[in-house]
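J.: Got a structure for you, questions after.
The values are calculated or read from the model by the stated rules, or taken from the named source; none is laboratory data. For clarity, every value in this text was computed on a predicted model and none was experimentally measured. So basically every Cβ, Gly included, is an ideal-geometry build from the backbone, and we count neighbours across all protein chains shown. For accessibility, only protein heavy atoms count, side chains too; no ligands or nucleic acids. Shrake-Rupley method; radii C 1.70, N 1.55, O 1.52, S 1.80 Å.
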Amino acid sequence: MMMETSGDIHVEAARIQREIKSHLGLRSNALMFEYGNMEGKVKLDLITINPRHNQSFLFHSVMGFDKVDALQKMLEYVKHYKEKESSYTIQWIAKGDKELNTSYFRASGVYDALDKLYYGRDSNTITVFSVVLNPVA
């Protein structure tokens, strides 16, 4: 476990979280930082919340030695993800809804995009109609 001596780790974590939100241009209530422990490391899941259809999706996951390390890795990802990952459009409908939804994901492949869509939910609660790899602009 790394000890932070230069300052308060909570202050540093809050600073990096603000930087991530600012870089993504999302409102505070549209982004969640979810931490967990996995094999002695900190796992950080960055989750986006779409206010239009009130659903949450995985933006990206990283592993770090501690919370600040995980946040620094997420910030690095956020700064460069557009040039490293492909853009996908997924059309889907939630069970019990009548309206078709369209969501956009950056992912390394089709399965990665679908994993981000299904994150934290039973796959039977959403019906996917199409997954399209968007042309590179």
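J.: Give me the accessible area per residue for the chain, probe 1.4 Å, as a whole number in Å².
T.: With all protein chains present, the chain gives 63 Å² per residue.
J.: Among the trypsin sites (Lys or Arg not before Pro) in segment 10-58, which ones are in a DSSP loop with at most 13 other Cβ atoms within 10 Å of the Cβ? Mind listing them?
T.: Arg27, Arg52
J.: Let me ask something else. Suppose the chain between Asp122 and Thr102 were pulled fully straight at 0.36 nm per residue; how much longer would it get relative to their current alpha carbon spacing?
T.: Separation in residues times 0.36 nm, less the Cα-Cα distance, equals 5.3 nm.
J.: Which pairs in the list Lys84/Lys116; Lys73/Lys116; Lys41/Lys84 are over 22 Å apart, alpha-carbon to alpha-carbon? Could you put the intermediate results ahead of the total?
T.: Values: Lys84/Lys116 16 Å; Lys73/Lys116 18 Å; Lys41/Lys84 25 Å.
Going by Cα-Cα distance, Lys41/Lys84 fall outside the 22 Å limit.
J.: How many nm is it between the label spots at Leu24 and Ser130, if each spot is 7 Å from the Cα in line with the beta carbon?
T.: Taking the simple label geometry, Leu24 and Ser130 are separated by 2.7 nm.
J.: Could you check the spin-label model distance between Ile9 and Lys84? Points 7 Å from the Cα along Cα→Cβ, value in nm.
T.: Output for this residue pair reads 2.4 nm.
J.: Could you tell me the distance between the Cα centroids of segment 23-48 and segment 66-137, to the nearest Å?
T.: Centre-to-centre (Cα) distance: 14 Å.
J.: Within segment 30-67, list the chymotrypsin sites (Phe, Trp or Tyr not before Pro) lying in a DSSP loop whose Cβ has at most 14 other Cβ atoms in a 10 Å radius.
T.: Answer in residue order: Phe65.
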